[in-house]
Amino acid sequence: DAGVIQSPRHEVTEMGQEVTLRCKPISGHNSLFWYRQTMMRGLELLIYFNNNVPIDDSGMPEDRFSAKMPNASFSTLKIQPSEPRDSAVYFCASTFRDRGYEQYFGPGTRLTVT
Amino acid sequence: DQQVKQNSPSLSVQEGRISILNCDYTNSMFDYFLWYKKYPAEGPTFLISISSIKDKNEDGRFTVFLNKSAKHLSLHIVPSQPGDSAVYFCAASRGGGSNYKLTFGKGTLLTVNP
């Protein structure tokens with residue numbers, strides 16, 4: 001079975017540009033999470049969805065960040081405009097709602113904003 | 001303010017010996033705790049969990065101990081194997097079974113030497 005799929009795996013962009021990260025959760029999973037990992041702050045939850053509905057977006061750092069889940073098999077995290085401090089590894093994870101603590105992570109997208 | 005702390009950034013042990021990874025938390029509302037393992041260039045993978053109603057949970061070579069009065073948990077790996085070399089993240093939740101928002105520590109890099 002395919003795991004959580006994220007694209008791109010690496011993204012290098014210039015400050016001010018729009019960045020879109022993509023995630024395909026495991027088929028049948030109904031909860032999806034976006035995380036960001038940095039040296040300073042570690043792994044932090046940005047937003048999570050249950051049945052495509054955003055439940056908690058309190059971790060989204062600024063209005064420059066937005067996330068959508070138009071259907072059960074696709075989600076995007078958009079940063080517009082991007083800034084150098086957004087450089088990090090962004091992970092998407094999914095799970096069954098009944099086993100929400102045991103989350104399955106994708107390989108991550110390493111974002112570098114110059 | 002870090003609510004979940006892993007004070008040892010790294011740990012090195014010999015193959016066959018015990019590895020003990022420690023984690024402290026400050027939020028007394030946390031009621032579910034997990035350990036995730038992460039290899040380079042991969043996302044974290046779920047390892048083992050424990051509810052606050054227990055003080056020990058065992059799964060093969062992995063045992064997690066919870067001391068609620070001290071707000072401390074530990075992961076024991078016995079015997080340690082070179083394939084266990086990875087970053088280990090401690091995570092906590094206060095959901096009581098319905099909120100899957102995880103707060104992660106910054107991780108401990110375990111190196112198991114042959």
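The values are calculated or read from the model by the stated rules, or taken from the named source; none is laboratory data. Because the structure is predicted, anything quoted here is derived from the model rather than measured. Note that we place each Cβ from the backbone using ideal geometry, even for glycine, and neighbour counts take in every protein chain shown.
Could you go through segment B:55-69 and let me know if any residue there is on the phi > 0 side of the Ramachandran plot and at pLDDT below 95.
No, because not a single residue in segment B:55-69 is on the phi > 0 side of the Ramachandran plot and at pLDDT below 95.
Candidates are the residues of segment A:1-38 that are among the hydroxyl-bearing types (S, T, Y) and closer than 17 Å to A:K68 by Cβ; the one that is surrounded by the most Cβ atoms within 10 Å (Cβ to Cβ) is A:Y35.
Of the candidates B:N27, B:N67, the single residue that is more than 10 Å from every other protein chain (Cβ to nearest Cβ), surrounded by fewer than 21 Cβ atoms within 10 Å (Cβ to Cβ) and either within 22 Å of A:Y104 (Cα to Cα) or in contact (Cβ under 8 Å) with a residue 60 or more places away in the chain (or both) is B:N27.
Using the structure shown, decide if B:V112 is within 14 Å of chain A (Cβ to nearest Cβ), outside any helix (DSSP H, G or I) and at negative phi. Judged against the criteria, B:V112 is not a match. Can you tell me which residue in segment A:1-26 is farthest from A:P84 (Cα to Cα), limited to those that are at pLDDT 95 or above and among the small types (G, A, S)? Taking the candidates together, the pick is A:S7.
Kindly indicate whether any position in segment B:7-19 is in contact with a strand residue (DSSP E or B) (Cβ under 8 Å, 6 or more places away or on another chain), without any contact (Cβ under 8 Å) to a residue 24 or more places away in the chain and either surrounded by 14 or more Cβ atoms within 10 Å (Cβ to Cβ) or within 14 Å of another protein chain (Cβ to nearest Cβ) (or both). Checking segment B:7-19: at least one residue is in contact with a strand residue (DSSP E or B) (Cβ under 8 Å, 6 or more places away or on another chain), without any contact (Cβ under 8 Å) to a residue 24 or more places away in the chain and either surrounded by 14 or more Cβ atoms within 10 Å (Cβ to Cβ) or within 14 Å of another protein chain (Cβ to nearest Cβ) (or both). Of the numbered criteria (1) among the β-branched types (V, I, T); (2) under 16 Å from A:E102 (Cα atoms); (3) touching a helix residue (DSSP H, G or I) at 6+ places or on another chain (Cβ under 8 Å), the one B:I77 fails is (2). Screening segment B:1-54 for residues that are assigned to a loop (DSSP other than H, G, I, E, B) and of a type in the set (S, T, Y) and picking the one that is nearest to the chain's Cα centre (by Cα) gives B:S8.
A count restricted to segment B:61-83 and to residues that are of a type outside the set (V, I, T) and either over 15 Å from B:V13 (Cβ atoms) or in a strand (DSSP E or B) (or both) stands at 13.
Consider segment B:41-64 and keep the residues that are farther than 25 Å from A:V89 by Cβ and among the polar types (S, T, N, Q). The one that is surrounded by the fewest Cβ atoms within 10 Å (Cβ to Cβ) is B:S51.
Of all residues in segment A:20-39, those that are under 12 Å from the mean Cα position of the chain (by Cα) and in a strand (DSSP E or B) total 11.
Suppose the filter is at the interface with chain A (Cβ under 10 Å from one of its Cβ atoms), within 25 Å of A:Q37 (Cβ to Cβ), in contact (Cβ under 8 Å) with a residue 24 or more places away in the chain and surrounded by 14 or more Cβ atoms within 10 Å (Cβ to Cβ); does B:A86 pass it? It is false that B:A86 is at the interface with chain A (Cβ under 10 Å from one of its Cβ atoms), within 25 Å of A:Q37 (Cβ to Cβ), in contact (Cβ under 8 Å) with a residue 24 or more places away in the chain and surrounded by 14 or more Cβ atoms within 10 Å (Cβ to Cβ). Within segment A:39-53, the set of residues being surrounded by 15 or more Cβ atoms within 10 Å (Cβ to Cβ) and in contact (Cβ under 8 Å) with a residue 12 or more places away in the chain comprises A:L43, A:E44, A:L45, A:L46, A:I47, A:Y48, A:F49, A:N50, A:N52. Scanning segment A:1-53 for residues that are out of contact with any Ser or Thr (no Cβ under 7 Å at 6 or more places or on another chain), among the aliphatic types (A, V, I, L, M) and more than 18 Å from B:T103 (Cα to Cα), we see that the one that is nearest to the other protein chains (Cβ to nearest Cβ) is A:I5. In summary, strands (runs of 3 or more DSSP E) completely within segment A:59-98 and bearing 1 or more residues that are away from chain B (no Cβ under 14 Å) and buried (at least 21 other Cβ atoms within 10 Å of the Cβ) occur at A:65-71, A:74-79.
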